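The values are calculated or read from the model by the stated rules, or taken from the named source; none is laboratory data. Small disclaimer: the values here were computed from a predicted structure and weren't measured. Every residue, glycine as well, gets a Cβ built from its backbone with ideal geometry; the counts of neighbours run over all protein chains shown.
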Amino acid sequence: MSIETFAILKHPLTTEKNVKLMQNENKLVFVVDRRASKIEIKKAAEELFKIKITKINTCILPSGKKKAYLKLSAETPAIDVATQLGLL
């Protein structure tokens, strides 16, 4: 089962906690398609934003949405990616 690249990442989450994660742990947080695997999420994010991802954690929220925490490599600051997306 393959999901289109643009349909996997739905939108970034910008809460106070997530901005702290960007600054302290170099992580971005996205709401993603519930059917997407970690491998598909990684490929989609690396292709869309030209970044290197070292680790992905996912969780399904009580609302039924799936949230993905993307840990970026040291050479790609999460703050720079967030600025490109217009989050900060």
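Put simply, of Pro62, Pro77 the only residue that is at negative phi, more than 11 Å from the chain's Cα centre (by Cα) and at pLDDT 95 or above is Pro62. Considered as a group, the residues in the stretch 29-59 that are closer than 15 Å to Lys10 by Cα and of a type in the set (Val, Ile, Thr) include one that is farthest from the chain's Cα centre (by Cα), and that residue is Thr58.
Taking the conditions (1) surrounded by 14 or more Cβ atoms within 10 Å (Cβ to Cβ); (2) modelled with pLDDT under 95 in turn, Val29 satisfies each one other than (2). Among the residues making up the stretch 1-43, those that are in a helix (DSSP H, G or I), under 19 Å from Gly86 (Cβ atoms) and touching a residue at least 24 places away in the same chain (Cβ under 8 Å) are Phe6, Val19, Leu21, Met22, Gln23. Against the definition (surrounded by 12 or more Cβ atoms within 10 Å (Cβ to Cβ) and not in a strand (DSSP E or B)), how does Glu46 come out, yes or no? When the stated conditions are applied, Glu46 passes them. Within the stretch 53-66, being in contact (Cβ under 8 Å) with a residue 12 or more places away in the chain and surrounded by fewer than 17 Cβ atoms within 10 Å (Cβ to Cβ) holds for Thr54, Lys55, Asn57, Thr58, Ile60, Gly64, Lys65.
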